[in-house]
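Beneath this line is the structure, given in structure tokens, with notes to follow.
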Amino acid sequence: MPSLLVFAVAVLLFGSPLRRLWLAEGAPASLPFVVWLGVIALGGWVAHRSLRP
């Protein structure tokens, strides 16, 4: 179930008008990669957290 939350966050970031915030003309070129890294880190954290007894 927590992985669905990460998926929902990723869809919200990459599939909604919110992406205009980090794809704006004056934004740094590395910002999309930072957003991807954040989604990947969130997924890893959720997977690690769900493995705990």
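The values are calculated or read from the model by the stated rules, or taken from the named source; none is laboratory data. Keep in mind it's a predicted model, so treat the numbers as computed, not measured. Quick reminder, even Gly has a Cβ in these numbers, built from the backbone with ideal geometry, and neighbours come from all protein chains shown. Just so you know, the surface numbers come from the protein's heavy atoms only, side chains and all, with ligands and any DNA or RNA stripped out. Shrake-Rupley method; radii C 1.70, N 1.55, O 1.52, S 1.80 Å.
Take the residues in segment 5-17 that are open to solvent by 90 Å² or more (accessible area, probe 1.4 Å) and within 11 Å of residue 43 (Cβ to Cβ); name whichever of them is modelled with the highest pLDDT. By that ranking, first place goes to 7.
Against the list (1) touching a residue at least 12 places away in the same chain (Cβ under 8 Å); (2) part of a loop (DSSP other than H, G, I, E, B), the condition residue 13 fails is (2). In segment 29-42, is there at least one residue being surrounded by 13 or more Cβ atoms within 10 Å (Cβ to Cβ), touching a residue at least 40 places away in the same chain (Cβ under 8 Å) and within 12 Å of the chain's Cα centre (by Cα)? The answer is no, given that none of the residues of segment 29-42 is surrounded by 13 or more Cβ atoms within 10 Å (Cβ to Cβ), touching a residue at least 40 places away in the same chain (Cβ under 8 Å) and within 12 Å of the chain's Cα centre (by Cα).
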